[in-house]
Amino acid sequence: MAVYKRSYRGYAGPLTRGWSRFTILPRYAYRDLFHSKIMTAFFVLCFAAPLVFLLLIYFANNFASLASMFQSHDVKSPITINGDFFLTFLNLQGVLAFILTAFVGPRLISADLANGALPLYFSRPFSRAEYIAGKMSVLLMLLSLITWIPGLILVGVQASMAGRAWLFANLWIAWGLFAGAWLWILVTSLVALALSAWVKWKIAAGALLLAVFFVSAGFGDAINGVLEVRWGKLINLPYLLETIWRKLFRVQEISDISIPSAWMMLLVIGAACLFLLYRKVRAFEVVR
Amino acid sequence: MTPVIEIDGLSVDLGGRRILDNLKCSLSARTIGLLGPNGAGKSTLINTLLGFHKPAQGTARIFGHDVRTEIRAIRNLTGYMPENDAFIAGMSAVSYVHLMGELSGLPPEAALERAHEALFYVGLGEARYRKLGTYSLGMRQLAKLAQAIAHGPKFLILDEPTNGLDPPARQRMIRLIREMRESREMHLILCSHLLRDVEETCEEVLILKQGRIVHYANLEEERRSNRKFVEMETVGANGTFTGDIEKLGCACAITGNNRVKLILSEGVEIRDLFKVAADRNVQIRRLNFKRDSLEDIFLKAMESDAAPVSAGAKGVSNGRL
């Protein structure tokens, strides 16, 4: 319809495929997010550490030739590229990913709930599962870009410098990086979305996200101290993830809780978040 | 005519309470009005048609698609303008309608084109790049209408579209609804407290009370029938008087305060009424040609504690007078 006609007419053109519609939400969310200069600057800053690690890999692999430039021979590189090295990388990027989640996550669902937008989404051929998948993929893509994707690039660079033998001997590092990063991304994203849906106010949701990660850690330590037990660590989310990461990166394990109990607790937290999302993400809330 | 909405023994429970109770109706008009006092179940009915609430019993069909099993097909055909504020924070009107068009399945380019068209159509063309948060209440209502029609639905649900609008804005909204009706590209269901809005725009009306259908009226049929409705204020009117008028072939009823309402049948003149009145010693103090307004129908339906009505396009008495 030409604008000048200004009369109503139906639509008989082609339609997009139903399964692909959840990708619309991240597109709009990124457009909104990157309007913020602070957000853009922080996102760029998240790539500083991968660059530093890239340089470290270069130095580690070329230390002898670099040292020879300064007339030093038979000097060993102080940097070893192993599981510890990539665990440090993941720890650092995990912190940045958490800050990014705390900035982006709380507003994702709470804004829609506060503005009554959910009936608009769900009156269309767009399900609750697609909505949650769409909102979650905002975080999944963003966090992937600063965690496992640069991590695997670093592994690739190291493999290209150290040779195929190093790669085959250390494939578990690539797997650890990939699985560990995804675990962190999934847990933080689920918790952030669930809190965003629960609280409906982005500032409160952000504060609650910090509380879940840090206050619960302190509370868990207090339980351990007062009751002289070790299971208090089970409510310490960063500790649970660290426990699993150490196993994945074959680094000395910490022994307060077992690996299966850490997995079990993460599954419980994930299920609780999904349940909260299922209860809260509805077109209308029924008041009893 | 193929029914637009078929409701078959539909009951809905919410929070452990029965909100809709065994509704049955078949509606096929281009514009359908949904009336009822607060808590009558209008919004619940709309939400059930949209698949937001699951029926406890029975079912409903829109264009033959069952709300229990084919909700995605129904949503493909539907546009919805909710009653309450519903927008996306920090978005301009054009982005908002664009997003909603895309979520309805339009490709991005087509959705953007139609977003502009829809905003021009509802009268927000000049303000389309402004953030929704800066809009007045009337403008937000229009933006909600734009998002509901951007994807060209075949079935449009308008929940209280004139809520909070000033008279010119209300007139504009009514005009838009009429235009859309006359475009013959979509069917509309209009849920409103404002009887005048429904009367001005709808062809069929369903009145709900306490989760039941208490009245069904086909306003379009009434308008077409061109019957002469007469209301008389009398002194001394009684059953004999109305009996004599009915003998003339007129449908007749006495309401409170000696008011007599009747439909003049073919060939009966006003002077015949005066003649009957003179014979029965009844004084006619005032006589008006008056059609029952929707308000009369509504109030009557609210007063009655009658059993629920099964409404439908066929074989249902309008119960007017």
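In degrees, nearest 10, range 0 to 90: what is the angle between the Cα axis of helix A:24-33 and the longest Cα principal axis of chain A? Approximately 70 degrees, to the nearest 10. Only lysines eight or more places from A:Lys233 in sequence, or on another chain, were considered; those with a Cα closer than 27 Å are A:Lys247. Judged by the gyration tensor of its Cα atoms, with axes a ≥ b ≥ c, the stretch A:130-288 is oblate; a/c meets the 1.5 cut and b/c is at least as large as a/b. Going by the alpha-carbon gyration tensor, a ≥ b ≥ c the square roots of its eigenvalues, is chain A rounded (a/c under 1.5) or, if a/c is not under 1.5, prolate (a/b greater than b/c) versus oblate? Verdict is oblate for chain A. Let me know the shape class of the stretch B:202-290, please: from the alpha-carbon gyration tensor, a ≥ b ≥ c as square roots of the eigenvalues, rounded when a/c is under 1.5, otherwise prolate if a/b is greater than b/c, or oblate. Because a/c hits 1.5 or more and a/b exceeds b/c, the stretch B:202-290 counts as prolate. What number in nm² do you get for the protein assembly as shown if you take the convex hull of its Cα atoms and divide its surface by four? If you wrap the Cα atoms of the protein assembly as shown in a convex hull and average its projections, you get 38.3 nm².
For the stretch B:8-31, backbone nitrogen atoms closer than 14 Å to the point 7 Å from B:Gln210 Cα along Cα-to-C-beta are found at B:18-22. Descending by average beta-carbon neighbour count within 10 Å, the peptides B:251-260, A:174-183 line up as A:174-183, B:251-260, the highest first. The order of B:Lys24, B:Lys54, A:Lys233 by accessible area, most exposed first and with a 1.4 Å probe, is B:Lys54, B:Lys24, A:Lys233. Sorted into 5 angstrom bins from 0, the C-alpha pair distances of the stretch B:1-145 split as 2, 9, 16, 17, 16, 14, 13, 9, 4, 0 percent. Under 20 Å of direct C-alpha separation, and excluding same-chain neighbours fewer than eight residues apart, B:Lys154 reaches these lysines: B:Lys144. Place a point 7 Å from the Cα of A:Thr23 along the Cα-to-Cβ direction; which residues of the stretch B:76-115 have their backbone N under 13 Å from it? Residues B:108 fall inside that zone. Every pair of different Cα atoms in chain B enters the Kirkwood calculation, which places the hydrodynamic radius at 21.6 Å.
Subtracting the Cα-Cα distance of B:Phe274 and B:Asn258 from their residue separation scaled by 0.36 nm leaves 4.2 nm.
Helix A:237-248 axis versus longest C-alpha principal axis of chain A: approximately 50°, rounded to the nearest ten. Legend: P(r) of the stretch A:47-180 from all alpha carbon pair distances, 5 Å bins from 0, whole percents, reading 2, 9, 16, 16, 13, 10, 9, 8, 6, 5, 3, 2, 1, 1, 0.
Across peptide B:148-154, the mean count of Cβ atoms from other chains lying within 10 Å of each residue's own Cβ comes to 4. For A:Ser72, the accessible surface of its heavy atoms amounts to roughly 50 Å² (probe 1.4 Å, protein chains only, rounded to the nearest 10).
Taking a Cβ cut-off of under 9 Å around A:Glu253, the surrounding Lys, Arg, Asp and Glu residues balance to a net charge of +2, with basic ones at +1 and acidic ones at -1.
With an 8 Å cut-off on Cα pairs and a minimum separation of 6 or more residues, tell me the relative contact order of chain A in percent.
Values: 308 pairs, mean separation 61.3, N = 288.
Reported as a whole number, the value is 21 percent.
How many angstrom separate the Cα center of the stretch B:95-172 from the Cα center of the stretch A:246-276? What the calculation gives is 48 Å, centre to centre.
Net length available on complete extension from B:Thr59 to B:Arg184 is 42.3 nm, with 0.36 nm assigned per residue and the Cα-Cα distance removed. Selection among A:Leu234, A:Asn115, A:Val199 by position relative to the dipole of chain A gives A:Asn115 as farthest towards the positive end (Cβ unit charges, Cα centre).
Kirkwood Rh, Cα Rg: Rg to Rh for the stretch B:61-119?
On the Cα set of the stretch B:61-119, Rg over Rh gives 1.05.
List the residues of the stretch B:101-120 that lose 50 Å² or more of accessible area once all protein chains are present, compared with their chain alone (1.4 Å probe, heavy atoms only, no ligands or nucleic acids). The answer is B:Glu102, B:Leu103, B:Gly105, B:Arg114, B:Glu117, B:Phe120 - residues whose exposure falls by at least 50 Å² when every protein chain is included. Fully extending the segment from A:Ser261 to A:Ser160 would add 32.6 nm, taking 0.36 nm per residue of separation and subtracting the current Cα-Cα distance.
Shielding of peptide B:86-92 by partners, expressed as the average count of other chain Cβ atoms within 10 Å per residue Cβ, is 6. Taking every residue in A:31-43 and counting other chain Cβ atoms within 10 Å of its Cβ, the average works out to 1. Calculated FRET efficiency, B:Glu220 to B:Arg285, Cβ-Cβ distance, R0 = 30 Å: about 0.35 to the nearest 0.05.
Order the following by accessible area, largest value first: A:Met39, A:Met141. Probe radius 1.4 Å; ligands, DNA and RNA are ignored. Intermediate values should be presented prior to the final figure.
Details: A:Met39 0, A:Met141 85 Å².
Putting A:Met39, A:Met141 in descending order of accessible area: A:Met141, A:Met39.
What is the angle, in °, between the Cα long axis of helix A:128-146 and the longest principal axis of the Cα atoms in chain A? Nearest 10 is fine, range 0 to 90. For helix A:128-146, the angle is close to 30 degrees.
Got the relative contact order for chain B handy, in percent, Cα pairs under 8 Å and 6 or more residues apart? Present the calculation step by step, with values, prior to reporting the outcome.
Numbers: 614 pairs, mean separation 62.8, N = 321.
Relative contact order, chain B: 20 percent.
Report the calculated FRET efficiency for A:Val268 and A:Thr80 (r = Cβ-Cβ distance, R0 = 41 Å), to the nearest 0.05. It comes out at approximately 0.65.
Bridging of A:Lys202 to lysines at a Cα separation below 16 Å is possible for A:Lys135, A:Lys280, once same-chain residues fewer than 8 apart are set aside.
The values are calculated or read from the model by the stated rules, or taken from the named source; none is laboratory data. The structure displayed is predicted, hence computed values, not measured ones. Counting neighbours? That spans all protein chains shown, and the Cβs are built from the backbone with ideal geometry, glycine included. All accessible areas refer to the heavy atoms of the entire protein, side chains included, with ligands and DNA or RNA removed. Shrake-Rupley method; radii C 1.70, N 1.55, O 1.52, S 1.80 Å.
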